[in-house]
Amino acid sequence: MLVAAASEIGLVLSVAHLHHGIRGAAADEDELFVEDLAARLGLPLHRHRVDAPASAKADRKTLEEAARHLRYAWFRDLLAQDRADAVATAHTLDDQAETVLHRLVRGAWTEGLGGIYPVVACAGGAIVRPFLQARRAEIVAWLREIGQTWREDSSNQDPAFTRTRIRHELLPQLAEFNPRIAEQMARLATIARDEESWWAAELVRLLPQLVLPGRSVRGGGRAVSTQPGDCSVGVELVRLRALAPALRRRVLRAASSQLGCVLNFEQTERMMAMCDPDGARRQQLTAEVRAERSARELRLVRTTSATGKTPAASK
């Protein structure tokens with residue numbers, strides 16, 4: 001499709017193929033298929049090989065997560081090295097629906113429900129998904145119409161992968177309640193992305209007034225730790241309590257992210273409860289981050305000792 005549109009919209013195309021080190025001979029045949037197709041279309045081919053299973057084991061990720069991380073890291077390298085201005089992937093509306101459901105069952109926040117973004121800005125360019133409004137069946141029908149063969153990834157049929165079970169079991173079951181469930185999931189993703197965009201702008205405006213570095217000291221100033229790896233931020237309790245719960249939750253999560261910590265729902269709710277006068281005065285949220293409540297403010301502290309361990313904190 002991009003080749004057909006290239007002259008009309010001024011595209012200069014090349015092909016990028018990543019061999020994930022999964023599926024053995026089948027993956028080798030995929031690579032040959034892409035090589036032959038690129039040659040037939042007269043397009044330059046960028047190719048790269050990684051070991052996704054080894055990466056998954058080393059980083060304690062699922063195979064899907066590791067493969068995706070390696071794939072997009074390479075895409076970003078192509079952009080950063082000025083070998084491309086944009087990378088287009090062929091995600092469809094069906095992929096969007098599966099992604100939203102996958103994240104929903106895993107407990108995603110609203111930013112996760114935004115699913116696959118149509119455009120993702122990167123250093124040196126962008127990753128774009130031009131077919132995100134098309135159904136997979138439409139793509140297959142078009143390929144058959146023009147007589148173009150394609151490759152099927154056998155892992156798309158492997159029930160060991162959660163996404164596969166969502167595709168072949170959960171979505172068909174949900175379609176019995178709503179035949180247009182895939183479109184509904186895609187609409188939900190659009191709504192969630194717009195919500196996140198608004199909140200992001202609002203937090204940029206509000207956070208400098210609410211989240212302050214270090215800890216408050218007598219006289220109105222703030223003290224910042226000089227120990228390497230130690231840092232903290234604080235928010236005045238009176239201001240936190242005045243915020244609507246939706247905004248308060250986002251402020252607390254944003255404050256934690258300033259310390260390099262991503263809070264889950266349970267950890268965030270523990271901090272929300274600390275805003276109450278009768279709430280806990282101290283909570284260990286993660287291995288390195290704790291929350292402390294004084295009479296005046298709620299503070300997040302990230303402390304790393306010389307051994308890399310955080311001292312135990314009382315509850």
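Show me the helices (runs of 4 or more DSSP H) entirely contained within the range 117-214 in which 3 or more residues are of a type in the set (Asp, Glu). Give the derivation first.
Numbers: elements: 136-146, 162-165, 171-175, 181-210.
Result: 181-210.
Which residues, counting only those in the range 47-59, are over 26 Å from SER14 (Cβ atoms) and either at pLDDT below 90 or surrounded by 13 or more Cβ atoms within 10 Å (Cβ to Cβ) (or both)?
Just the residues of the range 47-59 that are over 26 Å from SER14 (Cβ atoms), to begin with: 53-54, 56-59.
PRO53, ALA56, listed by residue number.
Among the residues of the range 253-297, those identified as in a strand (DSSP E or B) and either without any contact (Cβ under 8 Å) to a residue 40 or more places away in the chain or within 25 Å of GLU196 (Cα to Cα) (or both) are ARG282, GLN283, GLN284, VAL289, ARG290, ALA291, GLU292. If you go through the range 257-296 and keep only what is in contact with a strand residue (DSSP E or B) (Cβ under 6 Å, 6 or more places away or on another chain) and polar (S, T, N, Q), you end up with GLN258, GLN283, GLN284.
Rundown of residues vs (1) of a type in the set (S, T, N, Q); (2) surrounded by 14 or more Cβ atoms within 10 Å (Cβ to Cβ); (3) out of contact with any Pro (no Cβ under 8 Å at 6 or more places or on another chain), yes/no style:
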{"position": "GLU138", "(1), (2), (3)": "no, yes, yes"}
{"position": "LEU143", "(1), (2), (3)": "no, no, yes"}
{"position": "TRP150", "(1), (2), (3)": "no, no, yes"}
{"position": "SER154", "(1), (2), (3)": "yes, no, yes"}
{"position": "GLN173", "(1), (2), (3)": "yes, no, yes"}
{"position": "GLU183", "(1), (2), (3)": "no, yes, yes"}
{"position": "ILE191", "(1), (2), (3)": "no, no, yes"}
{"position": "TRP198", "(1), (2), (3)": "no, no, yes"}
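Does ALA244 qualify as being at pLDDT 90 or above, closer than 30 Å to ARG129 by Cα and surrounded by fewer than 13 Cβ atoms within 10 Å (Cβ to Cβ)? Give the derivation first.
Working: at pLDDT 90 or above: yes; closer than 30 Å to ARG129 by Cα: no; surrounded by fewer than 13 Cβ atoms within 10 Å (Cβ to Cβ): yes.
Taking the combined requirement at face value, the residue does not satisfy it.
The set of residues in the range 16-42 being touching a helix residue (DSSP H, G or I) at 6+ places or on another chain (Cβ under 9 Å), among the aliphatic types (A, V, I, L, M) and buried (at least 16 other Cβ atoms within 10 Å of the Cβ) consists of ALA16, LEU18, ILE22.
The values are calculated or read from the model by the stated rules, or taken from the named source; none is laboratory data. Bear in mind that the values here come from a model prediction, so they are computed numbers and not experimental data. Methodologically, a virtual Cβ is constructed for each residue, glycine included, from the backbone with ideal geometry; neighbour enumeration extends over all protein chains shown.
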